[in-house]
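Note sheet for the following structure.
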Amino acid sequence: MNDLIEKLVTTYGPSGFEGNVRDIIRAEIEAYADNITTDPMGNLIVHKKGDGSGLKVMIAAHMDEIGVMVTHITDKGYLRFTNIGGVGARTLSGNRVLFENGTIGVVYGDRNTNATAVSGLDKHYIDVGATSKADCPVGVGDAAVFQRDFFAQGTRLTSKAMDDRIGCVVAIETLKRLAATGTPHEVYFVFSTQEEVGVRGAQTAANALTPDVGIALDVTLTGDMHEGVEMAVELGAGAAIKAKDAGMISHVGLVRLMKKRAAEANIAHQIEVLAGGTTDARAMQIAGPGSAAGCISIPCRYVHSQSETVDSRDVEACIALLTEVLRQEMPL
Ligand code: CO
Ligand code: ZN
């Protein structure tokens, strides 16, 4: 599975520019799907048919990653930029960004008289080796993502864009297993767009599908970082079943069912309460007439940095839990 993870996390796909990621996922799942469509927002919608006795279930994992977009080019060929999604100023200086045309830029901060202070994004620039506006290989409106290799060290997997390509991997692997086990439900795996800028792709997809149940697959923070946030989720302790985040309270019956299925199948799991942030589950919960929404989260350290770190045992637990939930009846 690490090969698929590496392929997905190293692919260029900032919010609004998910095409390359979509192509890889489509090729990966084609043999296991009953129907595949792409909607105007760019969502990849993959239908796995049920036996007619179950519910309509939407699974959402977002294809997009955070990035930057060029706003202005100085006379000397330096690029000013704005953020696409939650980019922290602390993650910038000395790092590199990759544009769709292959151009790589070095990010650095303007001179700061306070050497230990971190300036805002507007006081940073990208150096793509140009010396003037005229010889700049990229232009205003072009988007870039962070450039960083994938590496595996024991069970720990580190890369940029684990948020949320690792959720896409959980969806892909679950679809493959369901193709073998069968499911009573009409399952729509939605590989969504523009989550990082406000869960936009999942919103239109959920409005169109009007599912009975919506389950998002996304990363969550952990409470086990050095001097980090106080939170009950730990890396390596299993699939995180979301109870609440800043945008949603999970459907209580769905949370109960996830815990039950995890216990029955001996799948390591933990309960997640995330103080900030939200996921595609929020969009699914309040789309159309509403749905019973929840989220299976992959614990992740250093979210929205270039070294987002997950544990392969947690990834496996998330796949196992989603498969158990989907292959059986869903009494909510
Ligand atoms: Co994110
Ligand atoms: Zn995410």
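The values are calculated or read from the model by the stated rules, or taken from the named source; none is laboratory data. Just so you know, these numbers come straight off a predicted model, no measurement behind them. As a convention, Cβ positions derive from the backbone with ideal geometry for all residues, glycine included, and neighbour counts pool all protein chains shown. The area values use the complete protein model at the heavy-atom level, side chains included, leaving out ligands, DNA and RNA. Shrake-Rupley method; radii C 1.70, N 1.55, O 1.52, S 1.80 Å.
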Heavy-atom accessible area per residue, the chain, 1.4 Å probe: how many Å²? 41
A correct Karplus calculation of ³J(HN,Hα) over the stretch 317-329, with 6.51 cos²θ - 1.76 cosθ + 1.60, θ = phi - 60°, whole Hz and x for Gly and Pro, returns 5, 5, 5, 4, 5, 5, 4, 4, 5, 7, 7, 10, 4
Report the net charge of residues surrounding residue 247, where surrounding means a beta-carbon distance below 14 angstrom and charges are Lys +1, Arg +1, Asp -1, Glu -1. -2
Per the rule of 0.36 nm per residue minus the C-alpha distance, extending residue 132 to residue 224 adds in nm 28.5 nm
What does the chain give for Rg and for Dmax, in Å, if only its C-alpha atoms count? 20.1, 67
Hey, can you grab everything whose amide H is under 5 Å from the amide H of residue 308? Only 5+ residues off in sequence or another chain; H modelled, so Pro and N-termini drop out. 159, 160, 161, 162
Protection-proxy order for peptides 175-186, 294-305, each taking the mean of Cβ atoms within 10 Å per residue, highest first: 294-305, 175-186
Using θ = phi - 60° and the Karplus form 6.51 cos²θ - 1.76 cosθ + 1.60, what ³J(HN,Hα) does each residue of the stretch 244-252 get, whole Hz, x for Gly and Pro? 6, 9, 6, x, 7, 10, 4, 4, 5
Pseudo-spin-label distance residue 152 to residue 210, built 7 Å along Cα→Cβ, given in nm, is 4.4
Please tell me which of these pairs span more than 24 angstrom C-alpha to C-alpha: 7/242; 7/260; 7/76; 7/176; 48/244? 7/242; 7/260; 7/76; 48/244
Efficiency by 1/(1 + (r/R0)^6): what FRET value for residue 307 and residue 3, r their Cβ-Cβ distance, R0 = 22 Å, to the nearest 0.05? 0.65
Amide H to amide H under 5 Å from residue 50: which residues, 5+ apart in sequence or cross-chain, H placed 1.01 Å off N in plane? 186, 187
Top of 246, 171, 61 by mean-square fluctuation, Gaussian network on the chain, Cα under 10 Å: 246
Provide the FRET efficiency to the nearest 0.05 for the residue 82-residue 112 pair, computing r from the beta carbons and using R0 = 25 Å. 0.80
How about residue 133: which aspartates and glutamates have a C-alpha closer than 20 Å to its C-alpha, ignoring those fewer than 8 places off in the same chain? 75, 100, 110, 122, 142
Where the centroid of each part is defined by its Cα atoms, how far is the stretch 39-58 from the stretch 247-267 in Å? 21
Residue-by-residue Karplus 3J(HN,Hα) for the stretch 208-220, coefficients 6.51, -1.76, 1.60, Hz, glycine and proline x: 6, 7, 6, x, 6, 10, x, 10, 8, 10, 8, 6, 9
Give the share of C-alpha pairs in each 10 angstrom bin for the stretch 51-120, from 0 to the last occupied bin, in whole percents, shortest bins first. 14, 40, 22, 9, 8, 5, 2
Sorted by chain and number, the residues with a modelled amide H under 5 Å from that of residue 216, at a separation of 5 or more or across chains, are 60, 281, 294, 295, 296
Quantify, in whole percent, the carbon and sulfur part of the accessible surface of the chain (1.4 Å probe; protein heavy atoms only). 49
